[in-house]
Structures are given as C-alpha cells and as structure tokens.
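Input: a single structure, listed below in structure tokens.
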Amino acid sequence: MLGCYPAVLAAACGDILPPPPAPLFAIPLEIEGRPVGDAIIDTGGGFEILLRSDFGLNVVDSVDVLVFGGRESVAFTESFSYTAGGFHGFAEGAIVGISSCDCNGVGIVFFRKTGMVAAIAFSEPSAALTTLPPRGGIALPFRSPPANLEGFISSFIDVKIDLGTATQTVRALLDTGAAETLLKRDLFTAAPDPIFGRVRLEITHDRLGTVSVSAALFDNDDLPDVILGIDMMRAWGDRWYFHYTPDGGNVTVFPYTDPPIMDGSIAAKGQ
C-alpha cells in the first residue's frame, strides 16, 4: 500500500528564492455523515481514503505504507460510509496518520472503485468529480509501471529529462499529491545547487512540450525515478482529467486556450 507524498515548496525560481507553492486540489469529505474537512486528490496514492485522524472510527489493524523516508506502519480503521465531493461511497477502512501528510485524501483505489473522474483546473483554481471524461483535449494513456515497481498502481507517462550534459527517457509519475517535481538523486551524476540542494533540468513530453524546472532530490529506490508534481502540470496545461480503469486509464489535458466540453459533473470545490 502506498501513501501520499509530502506537499513541500514548489520549484525554485532561478537560483535565488522559491515561489509560493503550487496549489493542491481537494474536495469536501464527510465520514459517517460528519464533515471532516477537505480531502486532497492524490493521483500518486495507492489507497481509497486517507484520514488525518480516526474521526471516531475504531482502529482495527495496522498496515505498512510507502513514504519518502521508507516504509512505516500506520493505523487502519473499521469500515465506514463516506461522501467525497458529493459522491456517496462505502470503504472497507482507511489509513490514518501518515507521517508525510497531515491531511485527508482520496487516492487511486477510490477512483478505480467508483469510476469517478478527477478534474482539476488551475485558472480558477477548482477541483471536481465528474462522471465522464470531457471530449477534446490531449488524451494520454497511462503507461504500465516500471519493471521494478510492478505493484505500483498509478499514473505514469514517459518523458525526456535533460540536465544539459545528459538526457534520458524515463517513466514518470503524475502526482497531484505533490506540490513540486522530484528527482531520484542517483538518476544523474549532476551536482545539486549547494544552497537549495536542487537540480535544474528540462522535462519534455512529446505532446505537452518542454518545461524548465528546479527539482528537489530524494533517496528511495522503492519510488519512481521522477515524480511530476502540480508545478509541472500547471505549466503544461490548465485543466486535467484523470480517468482510471481496472487495467489502466488516461489523463486528458487542456491547454489554457482550449476549454473542454463537459458531459456531466457532480461536485466542485475551489481552493
């Protein structure tokens, strides 16, 4: 089982100071009919529901989750009913109190189980659940996980990364639970910035274009080589629609000048 990634500072602007963090996107969450705050839409999390506390639910077990620091054991609750972004569902339980994120969240298991589409928009900003993906836009099928991450059920696309001295095509994770883009430290030999500990690189997708980003570094071989955060998505397009199916799924991206035609949605929440 995978946890959510930490929402830390966005990519540095030039070589001086980082800008304000990119927004994370969330929808209202109720547990057993009680509002408990918003839940982050986390396309990098292999769970159904993540809770910041048990909210009165009985803790019946513990489970291991994967975070940047490695694996940790967290509480797992009894089954319960919930409402997320206007959608009514029933969960067999929820993970509680993950160290890297003091937050509620809905992850990929939620979207695969319910069939709902996660919609985020940067220009408003807003988040919504919709019953169908929109027509138009740039539709990108999710790629299978890298060979060393076969159990990683998530949102992968192929990108080219370029540090100026070397380039490499990698399978990267689109993670709406991360405010910034992150790079595995040993992927390249380039030395990080001595002040911020980051590396400047260009990331290219053949249909979305090239973005220059200052990526934070991490050390954990159990995670993907490159994690594309909200900062990258904001640069590539205004509206993103994540649609998961039992055997994969796709994401549809609309540039800032290309509004989508929506076929139906059930809830929206501004951040």
Karplus-derived HN-Hα couplings along the range 153-164 (A = 6.51, B = -1.76, C = 1.60, θ = phi - 60°), whole Hz, x at Gly and Pro: 7, 6, 10, 9, 9, 8, 9, 9, 10, 9, 9, x
Solvent-accessible area per residue for the range 121-244 (1.4 angstrom probe, square angstrom): 41 Å²
Diffusion constant of the range 29-83 at 10 °C, which comes from Stokes-Einstein with the Kirkwood Cα-pair radius and 1.306 mPa s, µm²/s: 127 µm²/s
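Rounded to the nearest percent, how much of the accessible area of the range 80-214 (1.4 Å probe, protein heavy atoms only) is carbon and sulfur? Intermediate values should be presented prior to the final figure.
Working: 2870 of 5550 Å².
On the range 80-214, the fraction of accessible area on carbon and sulfur atoms equals 52 percent.
The values are calculated or read from the model by the stated rules, or taken from the named source; none is laboratory data. If you're wondering where the values come from, they're calculated on a predicted model, not measured in any experiment. These accessible areas exclude ligands, DNA and RNA; they are computed on the full protein's heavy atoms, side chains included. Shrake-Rupley method; radii C 1.70, N 1.55, O 1.52, S 1.80 Å.
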